[in-house]
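The values are calculated or read from the model by the stated rules, or taken from the named source; none is laboratory data. It should be emphasised that the depicted structure is a prediction, and the values quoted were computed from it without experimental measurement. Cβ: placed from backbone, ideal geometry, glycine included. Neighbour counts: every protein chain shown.
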């Protein structure tokens, strides 16, 4: 599936590509940069460095990475908007970038006019836009608003229009950056369906997303970016696992240093070993090692699971007031939490460990960053709880989902 | 196929890219023109109303109060023709200066040569220029004397004016991405330049200093418009300066855009 850099059939190819930004302390000082009396402080920042990547025509590849890892810079270069500082970028076929909400639209123009401008910017002629106009409006479901200036549109409406135009230009390469997140569920499903159609006709798709679901559903292959470099390039499952492992490592680096109790080690395992991408039925063990800097008598523990946006999904605590032992300064405690991640709709979750005094009232340490892991969703379920619901219509159960296969696996 | 390295696009490729985006330019310019006047009841009338008003005020003030001597021709025709030409240049350059920066939301993620954004006001304001020059031709026999074939000089004058405006706009719009003071510098320069161009007063008024005005690239063009409107003598040296400056600015502006085109976005 992956081709060595240097192949000349690749739809997208980066060879030693890098992008450097010169950050100035202050934009307003740009003029002073050319005047003799005071040179502003310049700081170089490589948003992307030494990136080698080859994506074959028809492949769908997910791009993962934390904010600032270089994902957007990468897409900008592929869209042709930004030039690499070093190395080479080659894209074959018409590129349709879907980067950011409302981009490529003129706020004063109506939806109708913007379809023309956007379509023409994406390489269609006026006649070609004419021919696709009705299909675009139908897809966007914006019939009533098509003659209103887009400055009155909501972000969801912007996204619909942008997506509708982009997919109707019959692009050779579709670049999608996180825009799907703003649509409602029904429209997201429609977008997924449309992207599958594009996959079927051989469109190369690059999908940047923080939604592991989207990546799992659409991309057999994924690329993990970290600090402007390619950290891992391979099957989506293993890249998602590595992504969560990195997130856990980086979260672990920021424990408060003044707390009377320190979390010095933490890890998450399943039967196979280190686990960062797990299934609902996995039996997981989260291990924490605490170090006490003062003496603590019978500490009380909360083990919590937080969703990506910090919402509490689950919490289990030790019995309040139950005496077990006193820890002296310098002593360690090994905590082991066994649990099953039955988190219905799945997604990215993290552990949190809070240690309090015996009464549960005074927090000694709150390990919020925790371990990150991705849970495969149970089909048909949305939301963190799994109530094992079944829906019957006239006695026929309609909730026994068949696993959806990626096209490659079919 | 898109192939990007650290080197700027070659001239041929850049020009082809601009040419390929002319339909988009056409469309954006139309919309720019429409959106500007769509909501106003008098619509397109406002395109020429401002320069006409300005010309009338100046004509009244300076022909009654200051009493400039412009020889045989009418001062009204003189000041009106100069103001019409100036209104196009100043109005366009002012807007074009910030065109690349202001166009960020349209241009940030979709590629097209940024020069297109700069050419939008150049093209959109052309409507106003044409209307005002036609109006001028119609008014010349009313406020002054019919200048015969010379009125046709408005055509080459307009062409040169558009060229100079384009060149200036390309240069300052590129600079404005890097130096955000440019907007204010342009404002200040245009304010001063109005008085360093023989628009309100005839060049002769400066006596032996009048030759210096010829160094202003706008002078030759404005003088050519004067010839068309008042029958004054054809400009010589000033026109040569205008032509050379126009070509130089066009080349410099295009070169600035060609070199920096895919780097502007990094600073927006």
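Quick grid of which residues meet (1) closer than 13 Å to residue A:59 by Cα; (2) at pLDDT below 90; (3) part of a loop (DSSP other than H, G, I, E, B):
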| residue | (1), (2), (3) |
| --- | --- |
| A:191 | no, yes, no |
| A:202 | yes, no, yes |
| A:210 | no, yes, yes |
| A:223 | yes, no, no |
| A:239 | no, no, no |
| A:251 | no, yes, no |
| A:258 | no, yes, yes |
> Could you count how many residues in segment A:55-99 are farther than 14 Å from residue A:209 by Cα and either away from every other protein chain (no Cβ under 14 Å) or in a loop (DSSP other than H, G, I, E, B) (or both)?
Replying inline: 14
>> Pull out all pairs, ordered by first then second residue, where Cβ-Cβ is under 7 Å, the residues are six or more apart or on different chains, the first lies in segment B:1-12 and is within 7 Å of chain A (Cβ to nearest Cβ) and under 14 Å from residue A:90 (Cβ atoms), and the second is at pLDDT 90 or above and assigned to a helix (DSSP H, G or I).
In response: B:4/A:77
> Of all residues in segment B:214-240, which are surrounded by fewer than 19 Cβ atoms within 10 Å (Cβ to Cβ) and either outside any loop (DSSP other than H, G, I, E, B) or within 14 Å of another protein chain (Cβ to nearest Cβ) (or both)?
Replying inline: B:215, B:237, B:240
> So which residues in segment A:103-112 are at pLDDT below 85 and crowded, with 20+ Cβ neighbours inside 10 Å?
Replying inline: A:103, A:104, A:105, A:106, A:109
> Does residue B:17 fit the bill of being assigned to a loop (DSSP other than H, G, I, E, B), surrounded by 12 or more Cβ atoms within 10 Å (Cβ to Cβ) and in contact (Cβ under 8 Å) with a residue 60 or more places away in the chain?
Replying inline: no
> Inside segment B:140-171, can you point out the residues that are surrounded by fewer than 13 Cβ atoms within 10 Å (Cβ to Cβ) and part of a helix (DSSP H, G or I)?
Replying inline: B:141, B:142, B:148, B:149, B:152, B:155, B:159
> Going by the conditions given, is residue A:366 farther than 21 Å from residue A:260 by Cβ, touching a strand residue (DSSP E or B) at 6+ places or on another chain (Cβ under 8 Å) and assigned to a strand (DSSP E or B)?
Replying inline: no
>> Restricting to segment B:9-58, count the residues that are touching a helix residue (DSSP H, G or I) at 6+ places or on another chain (Cβ under 7 Å) and closer than 17 Å to residue A:118 by Cα.
In response: 10
> Which residue out of B:107, B:87, B:124, B:96 is closer than 23 Å to residue A:151 by Cβ, away from chain A (no Cβ under 14 Å) and crowded, with 19+ Cβ neighbours inside 10 Å?
Replying inline: B:96
> Going by the conditions given, is residue B:61 more than 14 Å from chain A (Cβ to nearest Cβ), in contact with a helix residue (DSSP H, G or I) (Cβ under 9 Å, 6 or more places away or on another chain) and modelled with pLDDT under 90?
Replying inline: no
> Out of all the residues in segment B:34-54, which are within 14 Å of chain A (Cβ to nearest Cβ), surrounded by 14 or more Cβ atoms within 10 Å (Cβ to Cβ) and not in a helix (DSSP H, G or I)?
Replying inline: none
> For segment B:174-193, does any single residue satisfy the condition of being modelled with pLDDT under 95, over 17 Å from the mean Cα position of the chain (by Cα) and more than 14 Å from chain A (Cβ to nearest Cβ)?
Replying inline: no
> Looking at (1) under 26 Å from residue B:267 (Cα atoms); (2) touching a helix residue (DSSP H, G or I) at 6+ places or on another chain (Cβ under 7 Å); (3) modelled with pLDDT of 90 or more; (4) surrounded by fewer than 19 Cβ atoms within 10 Å (Cβ to Cβ), can you tell me which one residue A:88 breaks?
Replying inline: (2)
> Picking from A:290, A:217, A:284, which residue would you name as being surrounded by fewer than 21 Cβ atoms within 10 Å (Cβ to Cβ) and modelled with pLDDT of 85 or more?
Replying inline: A:284
>> Quick check on this structure: which one of A:115, A:136 is buried (at least 16 other Cβ atoms within 10 Å of the Cβ), more than 19 Å from the chain's Cα centre (by Cα), over 30 Å from residue A:241 (Cα atoms) and away from chain B (no Cβ under 14 Å)?
In response: A:136
> Could you list, in sequence order, the residues of segment B:20-33 that are free of Cβ contacts under 8 Å to residues at least 12 places away in the same chain and either within 8 Å of chain A (Cβ to nearest Cβ) or in contact with a strand residue (DSSP E or B) (Cβ under 9 Å, 6 or more places away or on another chain) (or both)?
Replying inline: B:23, B:27, B:31
> When the residues of segment B:194-213 are filtered to those that are under 21 Å from residue B:244 (Cβ atoms) and loosely packed, with under 14 Cβ neighbours inside 10 Å, which remaining residue is farthest from the other protein chains (Cβ to nearest Cβ)?
Replying inline: B:211
>> Out of the residues in segment B:241-268 meeting the condition of being assigned to a loop (DSSP other than H, G, I, E, B) and surrounded by fewer than 20 Cβ atoms within 10 Å (Cβ to Cβ), tell me which one is nearest to the other protein chains (Cβ to nearest Cβ).
In response: B:263
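Per-residue answers, yes or no, for (1) under 30 Å from residue A:297 (Cα atoms); (2) in a strand (DSSP E or B); (3) at pLDDT below 85; (4) in contact with a helix residue (DSSP H, G or I) (Cβ under 9 Å, 6 or more places away or on another chain):
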site	(1), (2), (3), (4)
A:336	yes, yes, no, no
A:343	no, no, no, no
A:348	no, yes, no, yes
A:353	yes, yes, no, no
A:359	yes, no, yes, no
A:370	yes, no, yes, yes
